[in-house]
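Asker: Mind looking over this structure? Questions follow.
The values are calculated or read from the model by the stated rules, or taken from the named source; none is laboratory data. This structure is a prediction, so every number in the text was calculated from the model and none was measured. Neighbour counts run over all protein chains shown; Cβ positions are idealised from the backbone, glycine included.
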Amino acid sequence: MRSFSFVFVGMMAMAVGFGNCRCRGQETAIAAPAARPTLEAIGRHDASRTVECAKASIRVVDGDTLKCSRTKIRVLGVDTPETRKTGRYAEPGQEPYGSNAKALTERLVAEARTVLIFFAASGDDKGRDLAHVLFVGANGTEKLLGLELLNKGLAYETCGHYGNNGFAEFCRQIKAADDAAPKRGFLEPWKYKKRKH
């Protein structure tokens, strides 16, 4: 099991318990629960914030996209296939992998005790927040969503194209995992979307 440089963040979060979506600075000691703002209160795109999102408020859209309460989050560092069965981006050779990526993300949410979201300083051109998602288990084990998707051959890395968005260590591990990932049976999603249909 991988160990991350943010391990202390996850352990402090477990000691506090759950709210709907609760946050704190990555670099500071955890505040008293009453002083911790909600996800809605902090506003969007705050790179100094780590958000703890209660599992009950999470909805998985696809392998690399989820919602925490009303906030739509695009996972940094990886790209997974579309899950559409019809429409512009649908293709029999792509969709099964998209469904498998979504199922893996749903399983990781279900198995986690704590779900931590590390926000980047800015969002994407579709109005989504960009973030890394870290799952902390009951025994303290940590799983970074991007790494888990790559290890199962269900994603391609995107750090090389978009940069690290302020998360150099996460991207270093993601690139290494991409190099070691099993052969993927689908076209890189960004290349697939550029095809004419």
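Asker: Say we look at segment 61-116 and pick out the residues that are in a helix (DSSP H, G or I) and among the basic types (K, R); which of these is modelled with the lowest pLDDT?
Answerer: K102
Asker: Could you figure out which of (1) closer than 28 Å to A177 by Cα; (2) among the aliphatic types (A, V, I, L, M); (3) modelled with pLDDT under 90 isn't true of I58?
Answerer: (3)
Asker: Kindly provide the set of residues from segment 158-187 that are under 16 Å from P81 (Cα atoms) and loosely packed, with under 15 Cβ neighbours inside 10 Å, ordered by number.
Answerer: P182, K183, G185
Asker: Further question: On the given criteria, is Y156 over 26 Å from R49 (Cα atoms) and of a type in the set (F, W, Y)?
Answerer: yes
Asker: Give the number of residues within segment 149-168 that are under 14 Å from A131 (Cα atoms) and part of a helix (DSSP H, G or I).
Answerer: 3
Asker: Here's another thing I want to ask about it. Which of the following residues is part of a loop (DSSP other than H, G, I, E, B), touching a residue at least 40 places away in the same chain (Cβ under 8 Å) and among the small types (G, A, S): A131, A121, A138?
Answerer: Among A131, A121, A138, only A121 is part of a loop (DSSP other than H, G, I, E, B), touching a residue at least 40 places away in the same chain (Cβ under 8 Å) and among the small types (G, A, S).
Asker: Of the conditions (1) part of a strand (DSSP E or B); (2) among the basic types (K, R); (3) loosely packed, with under 12 Cβ neighbours inside 10 Å, K191 fails just one. Which one is it?
Answerer: (1)
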